[in-house]
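Read-outs: derived from the displayed coordinates by stated rules, not from any lab. Just so it is clear, the structure is predicted and the values come from calculations on it, not from any experiment. No Cβ is skipped: glycine too gets one built from the backbone with ideal geometry, and neighbour counts run over all protein chains shown.
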Amino acid sequence: MWGLIACIFIGLLLAGFVYIIKRNIPDFSSLKDYDPPVTTQVFDARKNVIAEFFYQRRFVKPLPLIPKRLIQAFISAEDARFYQHEGYDIKSIIRAFIKNMVAGRIVQGGSTITQQTARSFLTTRHKSYLRKLQEVILAYQLEQTFSKDHILFLYLNQIYLGYGAYGVEAASQNYFGKSINQMTLAECAALAGLPQAPARYAPDKNFSAFKARQKYVLKRMYNEGYITENDARQAFKQPLNIQPRKNHFTDNAPYFSEHVRIELENCLGAESLYNDGLRIYTTVDMQIQSTAQKALNNGLKAIEKRHNYPENTPRLQGALICMDLRNGHIKALVGGRDFSQSKFNRAVQAIRQPGSSFKPIIYSAALDAGFTAASIIIDAPIVMKDDEHDFVWKPDNYEKTFYGPTTLRRALALSRNLVTIKLLQKVGVEKVIDYARQLGITSPIQKDLSIALGSSGVSLIELIRAYAVFASGGF
């Protein structure tokens, strides 16, 4: 009697314990239509990748596009009985339990591929027997819900393999600089050796451990009958050409890429930009971009040398934009000498006084108002007094000379300050500001005659947009 009561009590206790554990297991129904965060890529005009934006660097590959050798390598290394068990492997669990008891801590997991897949969707990463039990239950549920191939597809695209790479495609690019469909047997085995401890087996930090894992995987593949002993021997001898992934963002066109990122984040939102795997095609040409960066750096160095700037003086900075005037495409954008030292984008963010480069905007507004290139204005001294602020303004020409009656054509060619000020008076400050807005200048513009001398700051990209209208005949 008491034995029966004890059995019922223990059964209820276990049922309640399992219920509590299952209640904390996340919903995995969405895995049917697996849609993880994937990488957004930015391309130049020649379809080369110049930047990537992501929360998790991942490129989802359907299972039929994943090489058979790579699948065999992962199954051999992580779960040889993958196609026989129902999500968990009792033998592996018992073996791991004994090793952990002997060590006095968790040193081996005994997890199947399905359990590892389940683990990646659990909210906690803390190693404990409770989490292990949750893993087993979730793995069993996954096996009851999805096919083996779908679970393998989830695993190979979800697993973390070091250096920010999620999934086998991103990892292959990270370590070998190639897509998975170009991987050799040696590379497949090396990649399959990483899941247990990607940081510990990182080839750039511990190449001997990386090779040891590769050897282990090749041996497991041979034992499982996927390759011959000679295949394993030859693959282990084959040199591994580790090619760390380039940081596209800093290596190519960093100022341009950052400008694209800001514009897209403002337009699309961060979630879409970093999660949706967008493909962004731009007009920048990396050959022109590289030349532009060198030209800017060489020009600034020449100025520093010419003026004998001491080494401890902060380096001169500058910006350069190259635009194809036939269509308005930006072919190069350089916002400074070195993005790693200064991320301030002087091509877009810097507001600087344009000086005489603002004069064509005033002259074009005058032409639009009825003046002609032959219209004449007297180039002579002027004095302007502001009684309200007790201020007297005596602008001058750069050479401090005066030419008298001067055509607008000659005044613009010679950049005559006084003629430009008088022309601005005639056309009207408000009209010139409105004209500048039509040309694409959005920065605040002072409402006074000093804008004739370029006193009101604009960005380089604004000025480029305005000049592009002139060069394209007003379009």
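Here are the numbers for this structure:
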{"quantity": "Folded to 0 to 90 degrees: helix 90-103 orientation relative to the chain principal axis, Cα", "calculated": "80 degrees"}
{"quantity": "Relative contact order (%) - the stretch 387-475, alpha-carbon pairs under 8 angstrom, separation at least six", "calculated": "22 percent"}
{"quantity": "Other-chain or far-sequence residues with amide H under 5 Å of Asp379's (modelled H)", "calculated": "Tyr403, Gly404, Thr406"}
{"quantity": "Pair Lys32, Arg326: separation of 7 Å Cα→Cβ label points (nm)", "calculated": "5.3 nm"}
{"quantity": "Label point distance in nm, Gln341-Tyr309, each placed 7 Å from Cα along Cα→Cβ", "calculated": "0.9 nm"}
{"quantity": "Relative contact order for the chain, counting Cα pairs under 8 Å that sit 6 or more residues apart, in percent", "calculated": "14 percent"}
{"quantity": "Answer label for Kirkwood radius over Cα pairs in Å (calculated), chosen among (i) 22.7; (ii) 24.6; (iii) 28.3", "calculated": "(iii)"}
{"quantity": "The stretch 264-380: relative contact order as a whole-number percent, Cα under 8 Å and 6+ apart", "calculated": "19 percent"}
{"quantity": "FRET efficiency, Asp390 to Ala199 (Cβ-Cβ, R0 51 Å, nearest 0.05)", "calculated": "0.10"}
{"quantity": "Using alpha-carbon coordinates, inclination of helix 2-23 to the longest axis of the chain, degrees", "calculated": "20 degrees"}
{"quantity": "Förster-model FRET efficiency, 22 Å R0, Glu229 and Arg81, C-beta, rounded to 0.05", "calculated": "0.50"}
{"quantity": "Karplus 3J(HN,Hα) series, Hz, for the stretch 432-443 with 6.51 cos²θ - 1.76 cosθ + 1.60 (x for Gly, Pro)", "calculated": "5, 4, 4, 5, 4, 5, 5, 7, x, 8, 10, 5"}
{"quantity": "Separation of alpha-carbon centers, the stretch 303-342 and the stretch 366-380, rounded to whole Å", "calculated": "36 Å"}
{"quantity": "Residues in the stretch 457-475 that a label on Gln353 would reach, taking backbone N under 13 Å of a point 7 Å out along Cα→Cβ", "calculated": "457-458"}
{"quantity": "Inter-probe distance in nm under a simple model that places probes 7 Å from Cα toward Cβ, at Leu65 and Ser147", "calculated": "1.8 nm"}
{"quantity": "Net charge over other residues, Cβ less than 12 angstrom from the Cβ of Ala197 (K, R count +1; D, E count -1)", "calculated": "+3"}
{"quantity": "Folded to 0 to 90 degrees: helix 254-268 orientation relative to the chain principal axis, Cα", "calculated": "80 degrees"}
{"quantity": "For a label point 7 Å along the Cα-to-beta-carbon line of Leu414, residues of the stretch 428-455 with backbone N under 19 Å", "calculated": "453"}
{"quantity": "Calculated [θ] (222 nm, deg cm²/dmol) that DSSP helices of n ≥ 4 give over the chain, each run adding -39,500 (n - 2.57)", "calculated": "-14500 deg cm²/dmol"}
{"quantity": "FRET efficiency, Ile288 to Phe121 (Cβ-Cβ, R0 56 Å, nearest 0.05)", "calculated": "0.80"}
{"quantity": "Rounded to whole Hz, the Karplus (6.51, -1.76, 1.60) HN-Hα couplings of the stretch 455-460, x for glycine and proline", "calculated": "7, 8, x, 9, 8, 4"}
{"quantity": "Beta bridges per DSSP with both ends in the chain, % antiparallel, nearest 5", "calculated": "75 percent"}
